[in-house]
Amino acid sequence: MFQKLILKLFFILQAYAFATKLDTEPSCPKLLAELGDFQKNLVTCVTHNSVPVQICSNCKIVYDNMTKQYKKLSNCSEYFDQDRLNLIPTTQNLLSSIWSKAYCNECDQDDALQKYTDKNEELSTCINKTANNEVCATCLHLYRDLNSYFTSLNQHYNGKVCFEMQDQMNRTRNHWSKGLKCCQRKPKLTYFTIALAFVISLPMIFYTSSYIITIQRENNHGTLHDEDPLLNVPAPTASTSSTATPGATSLPTTSSTNLNETTSAISKKIF
């Protein structure tokens, strides 16, 4: 009798434990509703911390809660790959892409964001406590330290620096150079002046060279035409004259009588 009582009590406790387990484990619709709330909270947090960008530091808890809730929902297969849109994974990936594009995971590596924030606050304090005409000289070493630290991070992470630090560094540089006018660079006009003078002198060199070449060609052409070929023919010598005379006397001559007879004969044949 006592054993049967113990056995019944055991079954009662098992049934109660099973029922309690069913009550404690949330259903899939409840998990889905909670995921929607976490996603909505992340969108709100990102929007409120968009300018200036502080999503990596102020929205980390919300992002972690959303990620954990999505992993719990992954056991509910009826919400995945049921249609072409596949909205639940698509929405989750879209929100996760914002976090990854901002390189928020790199913010926590080596406590980089906290170190940068400390250096930036130190510089801001120096700027706020120093007079405007002395701030550039007084706070220069702090600005250089902050800029060097950011540059080292940029090289270490191959440009994938936490975007929250990128945004703060851009704003700090802009305020330092344009707002405080502490970065007025004096342009070096030496090379520009040399290049400008060279470009201006090119047409002058070209036309001068052309004029000189033209004058030289005209002088050479005039020298050739000044030489008269008839004047350069050598005068006949005595030997040449003596040689040419016999040849000239040896040419046959025709008398005027024979010429007239020949002309009369031709006229008779014609007429």
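The values are calculated or read from the model by the stated rules, or taken from the named source; none is laboratory data. Owing to the predicted nature of the structure, the values given are computational and were not obtained by experimental measurement. With ideal geometry, Cβ positions are generated from the backbone for all residues, glycine too; neighbour counts draw on all protein chains shown. Ligands, DNA and RNA are stripped out before the accessible areas are found, and what is left, the full protein with its side chains, is counted by its heavy atoms. Shrake-Rupley method; radii C 1.70, N 1.55, O 1.52, S 1.80 Å.
Here segment 115-148 is the region considered, the condition is being more than 12 Å from Thr172 (Cβ to Cβ) and not in a helix (DSSP H, G or I), and the residue that is modelled with the lowest pLDDT is Asn132. If only residues of segment 149-163 that are assigned to a helix (DSSP H, G or I) and open to solvent by 70 Å² or more (accessible area, probe 1.4 Å) are counted, the one that is farthest from Asp108 (Cα to Cα) is Gln155.
Only residues that are of a type outside the set (Ser, Thr, Tyr), surrounded by 19 or more Cβ atoms within 10 Å (Cβ to Cβ) and within 14 Å of Phe150 (Cα to Cα) were counted in segment 70-118, giving 4.
Within segment 71-102, the set of residues being closer than 17 Å to Gly36 by Cβ, without any contact (Cβ under 8 Å) to a residue 24 or more places away in the chain and in a helix (DSSP H, G or I) comprises Lys71, Leu87, Pro89, Thr90, Asn93, Leu94.
Does segment 149-159 contain any residue that is closer than 16 Å to Leu123 by Cβ, free of Cβ contacts under 8 Å to residues at least 24 places away in the same chain and not aromatic (Phe, Trp, Tyr)? Scanning segment 149-159, I find at least one residue that is closer than 16 Å to Leu123 by Cβ, free of Cβ contacts under 8 Å to residues at least 24 places away in the same chain and not aromatic (Phe, Trp, Tyr), so the answer is yes.
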